[in-house]
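Data block below; observations after.
The values are calculated or read from the model by the stated rules, or taken from the named source; none is laboratory data. In this text the structure is predicted, and so the values were computed from the model without any measurement. Note that we place each Cβ from the backbone using ideal geometry, even for glycine, and neighbour counts take in every protein chain shown.
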Amino acid sequence: MNATPAPNRESQLEAVLQAALYLLGARQDQMLTIEEWTDLARAVAACQERTTADYLTDHDLEDIAERYAVEWDEATDGPMPNLNR
């Protein structure tokens, strides 16, 4: 199993800054995509050594699992909800 190299602190902060800029632009346009929201959650999670799922709502995770083609890595992003109800 190949482990991906850990990003350095500068690249993590650059990812947070880029995601924040997208968020500000989306707010100005009065819209925000699930991809932009996920990018922000992913960037913050990387800096905080948590998972992306920690920063998303159950509704967001269900939308990602059911409707959107967001790349998801359970090892770093966290588990998706069990949709078999």
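Can you name every residue in the stretch 13-36 that is in a helix (DSSP H, G or I) and of a type in the set (S, T, N, Q)?
Going through the stretch 13-36, the residues in a helix (DSSP H, G or I) turn out to be 13-28, 34-36.
18, 28 - these are the residues of the stretch 13-36 that are in a helix (DSSP H, G or I) and of a type in the set (S, T, N, Q).
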Considering only residues that are of a type in the set (S, T, N, Q) and over 13 Å from the mean Cα position of the chain (by Cα), which ones fall in the stretch 14-60?
28, 30
Any residue in the stretch 5-26 that is closer than 13 Å to residue 37 by Cβ and of a type in the set (Phe, Trp, Tyr) sitting within a Cβ distance under 7 Å of a residue that is surrounded by 15 or more Cβ atoms within 10 Å (Cβ to Cβ) and at pLDDT below 90? List the pairs, counting only those 6 or more apart or interchain.
22/36; 22/39
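If you take the residues of the stretch 40-55 that are of a type in the set (S, T, N, Q) and part of a helix (DSSP H, G or I), which of them is surrounded by the most Cβ atoms within 10 Å (Cβ to Cβ)?
Narrowing the stretch 40-55 to residues of a type in the set (S, T, N, Q): 48, 51-52.
If we keep only those that are part of a helix (DSSP H, G or I) too, we end up with 48, 52.
Details: 48: 12, 52: 25.
The extreme case among them is 52.
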Would you mind finding the one in 57, 33, 52 that is within 26 Å of residue 11 (Cα to Cα), of a type in the set (Val, Ile, Thr) and either at pLDDT 90 or above or in contact with a Cys (Cβ under 7 Å, 6 or more places away or on another chain) (or both)?
52
Do you know which residues across the stretch 56-79 are out of contact with any helix residue (DSSP H, G or I) (no Cβ under 9 Å at 6 or more places or on another chain), surrounded by 12 or more Cβ atoms within 10 Å (Cβ to Cβ) and among the acidic types (Asp, Glu)?
62
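Return the total of residues in the stretch 20-39 being buried (at least 19 other Cβ atoms within 10 Å of the Cβ) and of a type outside the set (Ser, Thr, Tyr). Give the derivation first.
Looking only at the stretch 20-39, we keep the residues that are buried (at least 19 other Cβ atoms within 10 Å of the Cβ), and these are 37-39.
Subset that is of a type outside the set (Ser, Thr, Tyr): 37, 39.
Total satisfying the criteria: 2.
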